1. Please find, in a Gaussian network model of the chain (springs between Cα atoms separated by less than 10 Å), the residue of Thr94, Thr118, Thr17 whose mean-square fluctuation is greatest.
2. Please tell me which of these pairs span more than 29 angstrom C-alpha to C-alpha: Lys142/Lys202; Lys71/Lys135; Lys168/Lys202?
3. For the chain, modelled as a GNM with alpha-carbon contacts under 10 angstrom, which of Asn93, Asn147, Asn26 fluctuates the most?
4. Any idea how far the Cα center of the range 88-127 sits from the one of the range 33-64, in Å?
5. Give me the number: length gained by fully extending His144 to Leu125, i.e. 0.36 nm times residue separation minus the C-alpha to C-alpha distance, one decimal in nm.
6. Anyone know which of Ala68, Ala123, Ala87 comes out most mobile in the 10 Å Cα GNM of the chain?
7. What share of Cα pairs, in percent, lie more than 20 angstrom apart in the chain?
8. Taking 0.36 nm per intervening residue step and subtracting the Cα-Cα distance, what contour gain separates Phe97 from Leu185 on full extension?
Amino acid sequence: MYAIGHLALGYLTAKLTAHLTKTKVNMPLILSLSVAPDIDLLVPFIVHRGPIHSIFMAIIIFIPTIIAFRKEALPYLTSLIQHSLIADFITGNTQLFWPLTSQSYGIAIDIESPTSITFEWIAFLIMFTEMVRTKDLQVLLKPHHSNIILAVPTSTVLLPTFIAFPLKVPVSLIIPHIIMLTLFLASILTDMRKTVLKVLNKVN
Ligand SMILES: [Zn+2]
């Protein structure tokens, strides 16, 4: 699935986990983790949807975090593993249990098919409605030091897709893509506002 589907499902599953575990989440981190496995698209010689998409590895890597933060860590683990377990399972074949087995799992519906695009749109609309309802949208647009974390998904999976790197965003998903890109950039710049103004004043 494209970034939109991952971001939406990451947000929704993490919020559900937070609700069930009565914990709070840091949204920039939740959103970034939801697309993190696709970093393998940018690394040469690493198979896409291979080891970096393994939910077994994600759980192993998360064990110290769970020991340290207990249930507070669970929404973040959820956001990370849903990437391979839900969206990439639907539109691809993923090595979910590497290194235990290199077998790939998934139903591999064409990522550009109307079914998949509709799914991404519905997930995006539910996420956006939920962000408005819970005022998470306002939180994202308030200055907070963690907003800068959004620079990672912005520079790796949102901005470069307009020049077809690492994937080309389909025309049918450009609107939600631009909305998320604008939201992320606004969130980053809101926090950097003071610094930017200082620099500009010095230049003047
Ligand atoms: Zn992926």
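1. Thr118
2. On the way: Lys142/Lys202 25 Å; Lys71/Lys135 23 Å; Lys168/Lys202 39 Å.
Flagged as over cut-off: Lys168/Lys202.
3. Asn26
4. 15 Å
5. Details: separation 19, 0.36 × 19 = 6.84 nm, distance 2.51 nm.
Contour length minus the Cα-Cα distance gives 4.3 nm.
6. Ala68
7. Result for the distance tail: 58 percent.
8. 28.2 nm
Values in this text are rule-based calculations from the coordinates and carry no lab data. This one's a predicted model, so the numbers in the text were calculated from it and none came from an experiment. Note that each Cβ is placed from the backbone with ideal geometry, even for glycine, and that neighbours are counted across all protein chains shown.
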